[in-house]
Amino acid sequence: MSDKPNLVVLTGAGISAESGLSTFRDNNGLWNEYSVYEVATPEAWQQNPELVLEFYNQRRREVRQAQPNAAHQAISDAEADFEVTVVTQNVDNLHERAGSSQVLHVHGLITLARSSINEQVFELHDKDIQLGDHCPAGSQLRPHVVWFGEMVYHMDAAAQAISKADYLLVIGTSLSVFPAAGLVDEAPVEAHKALINKEADNVPPGFEVFQGSAAQLTPQILQAYPKQT
Ligand code: NAD
């Protein structure tokens with residue numbers, strides 16, 4: 001067992017904004033261009049799978065082009081001094097590409113495809129998913145992302161990690177998508193809790209707020225956390 005303090009970082013779309021990936025709810029966010037009902041629900045998948053695949057193929061191409069920013073990097077670097085668990089609502093792989101070793105993707109991972117009849121997932125490498133691409137069991141492949149109304153992943157592991165946190169740092173999320181947003185309630189009362197966000201309109205009780213850019217603030221805040229000597 002490590003005697004490093006436990007740091008859990010809960011991230012949302014805002015941490016990847018400075019890597020060039022659109023958030024959903026900001027001005028210019030993705031939902032201004034697309035209706036959630038057209039692209040991110042099981043009903044949309046039933047009704048217009050081609051549009052849904054194209055939407056996520058486009059997002060996946062953007063993810064491949066994007067690079068981790070200073071916030072992703074600082075979280076990875078913190079593994080030198082903390083036992084770090086990243087719980088992310090993001091479907092991009094920028095935490096992994098920055099070097100983080102424990103990342104729980106509660107809403108899935110866009111670089112993977114999934115069977116539409118079972119939980120088997122497949123690495124897409126540089127490929128898109130097309131209509132007619134099948135899993136070995138013969139069903140159409142779909143993006144490995146959680147759509148509205150579907151079960152989220154890793155909630156038990158995420159809740160457990162947060163319940164043991166000495167530090168909980170929440171970055172770039174409107175905390176409006178449940179059940180992921182409710183994970184903040186799992187933190188022990190005595191844990192140090194902080195939120196880095198461009199807007200500070202949804203601050204859970206007991207959180208210190210740092211309003212501004214994730215890429216600028218995350219390295220500074222993590223540096224300031226006391227290290228064990
Ligand atoms: P959200 O769009 O609801 O909220 C993003 C938050 O980030 C906002 O509160 C905004 O003020 C803040 N923000 C924007 N730019 C910032 C910056 N540079 N620095 C700090 N904060 C910044 O996103 P959410 O809370 O993650 O929920 C939306 C859902 O959308 C998630 O569940 C996720 O699955 C999905 N999503 C993922 C990606 C991705 O993987 N990169 C992108 C868009 C949406």
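Only the coordinates and a few stated rules stand behind these numbers; no lab work does. Since we're looking at a predicted model, the values are computed, not measured. As a convention, Cβ positions derive from the backbone with ideal geometry for all residues, glycine included, and neighbour counts pool all protein chains shown.
Enclosing the Cα atoms of the stretch 183-229 in their convex hull gives a volume equal to 90 cubic angstrom per residue. Suppose only helical runs count, i.e. DSSP H with n ≥ 4. What mean residue ellipticity at 222 nm does that imply for the chain under -39500 (n - 2.57) per run, divided by all residues and rounded to the nearest 500 deg cm²/dmol? Only helices count here, giving -7500 deg cm²/dmol. Taking the alpha carbon gyration tensor of the stretch 1-96, multiplying each eigenvalue by 5 and rooting it gives semi-axes of 31, 14, 12 Å, largest first. Within the stretch 1-155, DSSP assigns beta bridges of which about 45% are antiparallel (rounded to the nearest 5).
Can you give the local net charge around residue 228? Use residues other than it whose beta-carbon is closer than 13 angstrom to its beta-carbon, Lys and Arg +1, Asp and Glu -1.
-2
Cut-off 10 angstrom, C-alpha nodes, Gaussian network model of the chain. Which of 118, 69, 93 fluctuates the most? Judging by the Gaussian network model, the answer is 118. Computed over Cα pairs, the Kirkwood radius of the stretch 127-176 leads via Stokes-Einstein (0.890 mPa s, 25 °C) to a diffusion coefficient of 168 µm² per second.
Between residue 48 and residue 198, full extension at 0.36 nm per residue minus the direct alpha carbon distance yields a gain of 50.5 nm. Start at zero, step by 5 Å, and the Cα-Cα distances of the stretch 146-213 spread as 4, 16, 27, 24, 17, 10, 2 percent across the bins. Potential lengthening of the chain between residue 120 and residue 65 amounts to 17.2 nm, from the contour at 0.36 nm per residue minus the alpha-carbon distance.
Straight-line reach from residue 227: which lysines have a Cα under 25 Å away, not including same-chain ones fewer than 8 places off? Excluding near neighbours in sequence, the set is 4, 164, 193. Calculation over all alpha carbon pairs of the stretch 63-178 in 10 angstrom steps from 0 returns a P(r) of 12, 39, 33, 13, 2 percent. Histogrammed with a bin width of 5 Å, the alpha carbon distances of the chain distribute as 1, 7, 14, 19, 20, 16, 11, 7, 4, 2, 0, 0 percent, first bin at zero. Taking GluC sites (Glu not before Pro) as exposed when DSSP calls them loop and at most 15 other C-beta atoms lie within 10 angstrom, the chain has its longest site-free stretch at 1-118.
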